[in-house]
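Engineer: The structure's right below; bear with me while I get my questions together.
The values are calculated or read from the model by the stated rules, or taken from the named source; none is laboratory data. Treat the numbers as computed from the prediction; the structure is a model and nothing was measured. Note that each Cβ is placed from the backbone with ideal geometry, even for glycine, and that neighbours are counted across all protein chains shown.
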Amino acid sequence: MIKLYEGGAYLVNGTDIIEDGANQEESLRSKTGSVVSKEEAAKNTIAYNILKAHNTSGNMDKLQIKFDKLTSHDITFVGIIQTARASGLEKFPIPYVLTNCHNSLCAVGGTINEDDHMFGLTCAKKYGGVYVPPHQAVIHQYAREMLAECGAMILGSDSHTRYGALGTMAVGEGGGELVKQLLSQTYDVKMPEVVGIYLDGKPEPGVGPQDVALAIIGAVFANGYVKNKVMEFVGPGVDSLSADYRIGIDVMTTETTCLSSIWKTDSRIKEFYDIHGRVDDYKELAPGDIAYYDGMVYVDLSKVKPMIAMPFHPSNTYTIEELNANLMDILEDCEKRALVSLDGKVDFTLKDKVRDGKLYVDQGIIAGCAGGGFENICAAADILRGASIGSDEFTLSVYPASTPIYMELAKNGKLADLIATGAIVKTAFCGPCFGAGDTPAHNAFSIRHSTRNFPNREGSKVQNGQISSVALMDARSIAATAANKGYLTAATDLEVNFSNPKYFFDRTIYENRIYNGVGKADPSVEIKFGPNIKDWPAMVALTDNLILKVASVIHDPVTTTDELIPSGETSSYRSNPLGLAEFTLSRKDPEYVGRAKEIQAVEKVREEGKCMGEAYPEMRNIMHIIKETFPETSRDNTGVGSTIFAVKPGDGSAREQAASCQKVLGGWANVAKEYATKRYRSNLINWGMLPFLMPEEYEFEVDDYIFIPDIAKCVRDKNDDIKAYVVNKEMKELTFHLGDLTDDEREIILKGCLINYNRR
């Protein structure tokens, strides 16, 4: 079904793969009559040419990208605009779309969600942006319908910013990177490797885009095959897929930890742009006659079967057939994973869901940027037509991704078909994807065509003794399960006549409701600030030396951003940096906030010029031990802050708050074996936090002190090896690394954060 090539590969005429090896030159000459170097052939990828067109550095090894458009939603745009305002923002220099699809439910925390929306609307007026009101469209569907262009680049403050199927290279990053674009700065990154995703064959009826995506994720996540690389979809199999189908695969590329994605385009993508009244935004994209890829993934679409990603990660994949055949063994494996993910805080089992040898599901959800597409919902309606979801525990909710999709479902009758089954059809909303809607009951099991199934992301709270769990599936198999009254069923097990209705897009819905202020900035507009919207606290520059106290130690193989700062109900507090920080690591390490505040209090005493040792006697002992080796150390040149150790932090969401919450609590660094994503590491840097790497083995413990002498000089001088010392009765030497940093990133760290950097 899926093959990963061990090395790179040439793609000839878009169809023939010639992999690296002893006979590659002979094969190339046989196919093309010539031999082209890897370096030259790499310039023939679609990705290379889009990046070249947007690079301002003049050096394709070290890119400085300026994007064409920006997009954010209502749990990120307040912090981004507040940061940009503090840095001198006057107007949005490029189109910036503010959607309101995450905190759409204005019921949590009083008025604060709607206060954020009014902040967004007034900022769109003042700075010249686009404002999409709640329930109109989820962020990525609006971008597909109204923003994507073949050959363009879009930067979004949401990790699932992926429009590659429409010929747009899109990147999801933390808010700091959008702030840079708003200030006419650049997105700086080394030229990423490009991996070809060669699609062959055609999916069988009942197999949907989520099935293909999960199969790919299962093959490439754990081994990091595409980590921080660009996935370029090519091959004859692309031609067999509709635009909606390609979009459904593409949005899930985020879960592979790739940097971005791009697809070849054709008449089906041209038709998409025609339907949406934007024919001029289409152009054909294809790799050159001889293109070289740094890796190649071969996917036989005809052999993909209905898939399921069991708790607690999108890469924990099985075919539904395999799960049903090995039910108790796989459920046993889920329990073992739960012991790691949930730290044994609650009893977790799915074995009680087995009834007469079949797995019973409590809830089905089809929603958001992955599941809420027109074709997914129509296929689900076809499967469910004339059926009933039953009157037991099982429930089904469907969220069309935009009001134009919702209206077309009403016009073509699919909406009525769904409602007649007992399903509930709701408005465009991202909540089910991150725990702000449809939270299941305790011990319930939910199947969802959404993007993630991390622990507690469905809304349960381990710290309160609650646990439910999510498996990811395609809308078609979710509908088949619903038609079977909640018993897990693959769509291919049913005989279905798929109607495949044509889609008609009605843009008047948007014209009547969406504020478009691009090019019409009005400085006279007063921004509306709700009482929860707070400024970022002041942050000091990096000191000559640094004392870090370990406030949390996480040994999980991967730590998600949901564990660093929970999603769900905390989303409403993301306009209040100090208020949100109270939730940091609350589901993973509830004692973290208190520990971080204790060491932050020491730093505040230092900043006031007082004696740290008098206020905190423990610091007198630590300073005494340090001074024995480094006598020049003093409160005047040595900052004090907290750090966390995690094996591989930062998988998942782009939300900058995973880093900024640590910063406002006095965090000055992370220590890790590696970082799960570039975007999390960038968030640390933009908030002035040192992204330390520590390859050597050392078992940190909570409350360990780490002394790093001359850290500012090390950053300034681009030192690779940074000496650090664990301070106990003696000094245990370790070596940290910072990895590649641009000159601007070093300056941001030295200044203390991006805001300080831009105030220079």
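Engineer: Restrict the check to region 322-345 and report whether at least one residue is closer than 27 Å to Gly206 by Cα, assigned to a loop (DSSP other than H, G, I, E, B), not small (Gly, Ala, Ser) and not assigned by TED's automatic domain parsing to the domain that holds Gly208.
Structural biologist: yes
Engineer: Any residue that is outside any helix (DSSP H, G or I), in contact with a Pro (Cβ under 6 Å, 6 or more places away or on another chain), within 28 Å of His276 (Cα to Cα) and of a type in the set (D, E, K, R) - is there at least one of those in region 72-82?
Structural biologist: Looking for residues that are outside any helix (DSSP H, G or I), in contact with a Pro (Cβ under 6 Å, 6 or more places away or on another chain), within 28 Å of His276 (Cα to Cα) and of a type in the set (D, E, K, R), one finds none in region 72-82, hence no.
Engineer: Mind checking which pairs have a first residue in region 23-49 that is more than 15 Å from Gly196 (Cβ to Cβ) and a second that is among the acidic types (Asp, Glu), Cβ under 7 Å, 6 or more apart or different chains?
Structural biologist: Lys31/Asp16; Val35/Glu25
Engineer: Quick one: Lys485 ticks every box in (1) assigned to a loop (DSSP other than H, G, I, E, B); (2) closer than 30 Å to Ile625 by Cβ; (3) basic (Lys, Arg) bar one, so which box is it?
Structural biologist: (2)
Engineer: Would you check which residues across region 246-277 are of a type in the set (S, T, N, Q), crowded, with 24+ Cβ neighbours inside 10 Å and on the phi < 0 side of the Ramachandran plot and list them? First the steps, then the outcome.
Structural biologist: Quick first cut of region 246-277, residues of a type in the set (S, T, N, Q) only: 253-254, 256-257, 260-261, 265, 267.
So of that shortlist, the ones also crowded, with 24+ Cβ neighbours inside 10 Å come out as 253-254, 256-257, 260-261, 265.
Thr253, Thr254, Thr256, Ser260, Ser261, Thr265, listed by residue number.
Engineer: Conditions first: (1) outside any helix (DSSP H, G or I); (2) in contact with a helix residue (DSSP H, G or I) (Cβ under 7 Å, 6 or more places away or on another chain); (3) basic (Lys, Arg). Lys610 passes all but one, so which condition is the exception?
Structural biologist: Only one criterion is unmet by Lys610, namely (2).
Engineer: Another one. Would you check if there is a residue in region 132-145 being of a type in the set (Phe, Trp, Tyr) and in contact with a Gly (Cβ under 9 Å, 6 or more places away or on another chain)?
Structural biologist: Looking for residues that are of a type in the set (Phe, Trp, Tyr) and in contact with a Gly (Cβ under 9 Å, 6 or more places away or on another chain), one finds none in region 132-145, hence no.
Engineer: Just to check your reading of the model, which residue among Asp289, Asp356, Asp280, Asp329 is modelled with pLDDT of 95 or more, surrounded by fewer than 15 Cβ atoms within 10 Å (Cβ to Cβ) and over 25 Å from the mean Cα position of the chain (by Cα)?
Structural biologist: Just a single option satisfies the conditions, and that option is Asp280.
Table: residues versus (1) in contact with a helix residue (DSSP H, G or I) (Cβ under 6 Å, 6 or more places away or on another chain); (2) closer than 20 Å to Leu409 by Cα; (3) assigned to a loop (DSSP other than H, G, I, E, B).
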site	(1), (2), (3)
Ala480	yes, yes, no
Thr489	yes, no, yes
Thr492	no, no, no
Glu495	no, no, yes
Phe498	yes, yes, yes
Tyr503	yes, yes, yes
Asp506	yes, yes, yes
Glu511	no, yes, no
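Engineer: Another one. Residue by residue through region 159-193, note down the ones that are of a type in the set (Val, Ile, Thr), farther than 23 Å from Cys430 by Cα and under 19 Å from the mean Cα position of the chain (by Cα).
Structural biologist: Result: Val179, Val189.
Engineer: Looking only at residues in region 194-214 that are small (Gly, Ala, Ser) and either surrounded by fewer than 20 Cβ atoms within 10 Å (Cβ to Cβ) or under 19 Å from the mean Cα position of the chain (by Cα) (or both), which one is farthest from Asp239 (Cα to Cα)?
Structural biologist: In this case the residue turns out to be Ala213.
The rows are residues; the columns are (1) within 32 Å of the chain's Cα centre (by Cα); (2) surrounded by fewer than 19 Cβ atoms within 10 Å (Cβ to Cβ).
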residue: Val346; (1), (2): yes, yes
residue: Leu350; (1), (2): yes, no
residue: Ile377; (1), (2): yes, no
residue: Asp392; (1), (2): no, yes
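Engineer: Out of the residues in region 456-477 that are of a type in the set (A, V, I, L, M, F, W, C) and not in a loop (DSSP other than H, G, I, E, B), state the one that is farthest from Gly435 (Cα to Cα).
Structural biologist: Among residues in region 456-477 that are of a type in the set (A, V, I, L, M, F, W, C) and not in a loop (DSSP other than H, G, I, E, B), the one farthest from Gly435 (Cα to Cα) is Ala475.
Engineer: Here's another thing I want to ask about it. Condition first: farther than 30 Å from Pro537 by Cβ and modelled with pLDDT of 95 or more. Can you find one or more residues in region 74-81 that meet it? Write out each step before concluding.
Structural biologist: Of all residues in region 74-81, those farther than 30 Å from Pro537 by Cβ come to none.
So far as region 74-81 goes, no, none of its residues is farther than 30 Å from Pro537 by Cβ and modelled with pLDDT of 95 or more.
Engineer: Taking the conditions exactly as written (touching a residue at least 40 places away in the same chain (Cβ under 8 Å), within 30 Å of Pro455 (Cα to Cα) and out of contact with any strand residue (DSSP E or B) (no Cβ under 8 Å at 6 or more places or on another chain)), does Glu321 satisfy them or not? Explain how you work it out, then say what you get.
Structural biologist: Working: touching a residue at least 40 places away in the same chain (Cβ under 8 Å): yes; within 30 Å of Pro455 (Cα to Cα): yes; out of contact with any strand residue (DSSP E or B) (no Cβ under 8 Å at 6 or more places or on another chain): yes.
So Glu321 fits the description; yes.
Engineer: Just to be sure I understand, how many residues within region 513-533 are in a loop (DSSP other than H, G, I, E, B) and surrounded by 15 or more Cβ atoms within 10 Å (Cβ to Cβ)?
Structural biologist: 11
Engineer: Let me spell it out: the conditions are (1) within 30 Å of the chain's Cα centre (by Cα); (2) at pLDDT 95 or above, and Arg507 meets all of them except one. Which number is the exception?
Structural biologist: Going through the list (1) within 30 Å of the chain's Cα centre (by Cα); (2) at pLDDT 95 or above, Arg507 breaks only (2).
Engineer: Step by step: first the residues of region 464-512, then only those that are surrounded by fewer than 24 Cβ atoms within 10 Å (Cβ to Cβ) and among the β-branched types (Val, Ile, Thr), then the one that is nearest to Val361 (Cα to Cα). Which residue is that?
Structural biologist: Among those residues, the one meeting the criterion is Ile467.
Engineer: Look through Leu580, Leu585 and report the one residue that is in contact with a Phe, Trp or Tyr (Cβ under 8 Å, 6 or more places away or on another chain), at pLDDT 90 or above and not in a helix (DSSP H, G or I).
Structural biologist: One residue alone meets the criteria, Leu585.
Engineer: Ok, one more. Looking at Pro404, Pro400, which is the one that is assigned to a loop (DSSP other than H, G, I, E, B) and at pLDDT 95 or above?
Structural biologist: Working: Pro404 fails: assigned to a loop (DSSP other than H, G, I, E, B).
The unique qualifying residue is Pro400.
Engineer: With the requirement that a residue be touching a residue at least 60 places away in the same chain (Cβ under 8 Å) and of a type in the set (S, T, N, Q), what does region 609-644 give you?
Structural biologist: Within region 609-644, Thr629, Thr633, Asn637, Thr638, Ser642, Thr643 qualify.
Engineer: Here's a follow-up. Among the residues of region 149-168, is any within 24 Å of Thr265 (Cβ to Cβ), surrounded by fewer than 24 Cβ atoms within 10 Å (Cβ to Cβ), touching a residue at least 12 places away in the same chain (Cβ under 8 Å) and small (Gly, Ala, Ser)?
Structural biologist: Checked region 149-168: at least one residue is within 24 Å of Thr265 (Cβ to Cβ), surrounded by fewer than 24 Cβ atoms within 10 Å (Cβ to Cβ), touching a residue at least 12 places away in the same chain (Cβ under 8 Å) and small (Gly, Ala, Ser).
Engineer: Okay, next question. Would you mind finding the one in Leu684, Leu693 that is surrounded by fewer than 20 Cβ atoms within 10 Å (Cβ to Cβ) and under 23 Å from Lys229 (Cα atoms)?
Structural biologist: Leu693
Engineer: Filter region 102-136 for residues that are out of contact with any Phe, Trp or Tyr (no Cβ under 6 Å at 6 or more places or on another chain) and among the hydrophobic types (A, V, I, L, M, F, W, C) and give the result. Steps first, answer last, please.
Structural biologist: Taking region 102-136 first, the residues out of contact with any Phe, Trp or Tyr (no Cβ under 6 Å at 6 or more places or on another chain) are 102-103, 105-119, 122-123, 125-126, 130, 133-136.
Leu105, Cys106, Ala107, Val108, Ile112, Met118, Phe119, Cys123, Val130 - these are the residues of region 102-136 that are out of contact with any Phe, Trp or Tyr (no Cβ under 6 Å at 6 or more places or on another chain) and among the hydrophobic types (A, V, I, L, M, F, W, C).
Engineer: Are there strands (runs of 3 or more DSSP E) fully within region 693-760 with at least 1 residues that are acidic (Asp, Glu)? List them.
Structural biologist: Because the criterion is at least 1 residues that are acidic (Asp, Glu), the strands (runs of 3 or more DSSP E) in region 693-760 that meet it are 731-736.
Engineer: Whether any residue in region 189-208 is under 24 Å from Cys101 (Cα atoms) and touching a residue at least 12 places away in the same chain (Cβ under 8 Å) is what I want to check.
Structural biologist: no
Engineer: Next up: Just to be sure, is Thr560 over 24 Å from Gly110 (Cβ atoms), crowded, with 23+ Cβ neighbours inside 10 Å and assigned by TED's automatic domain parsing to the domain that holds Glu598?
Structural biologist: Working: over 24 Å from Gly110 (Cβ atoms): yes; crowded, with 23+ Cβ neighbours inside 10 Å: yes; assigned by TED's automatic domain parsing to the domain that holds Glu598: yes.
Yes: the conditions hold for Thr560.
Every residue, every condition in (1) free of Cβ contacts under 8 Å to residues at least 12 places away in the same chain; (2) over 30 Å from Lys345 (Cα atoms); (3) in the same structural domain as Arg144 (by TED's automatic domain parsing), yes or no:
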site: Glu393; (1), (2), (3): no, no, no
site: Ala416; (1), (2), (3): yes, yes, no
site: Ile419; (1), (2), (3): yes, yes, no
site: Gly459; (1), (2), (3): no, no, no
site: Ser468; (1), (2), (3): no, no, no
site: Leu494; (1), (2), (3): no, yes, no
site: Asn497; (1), (2), (3): no, yes, no
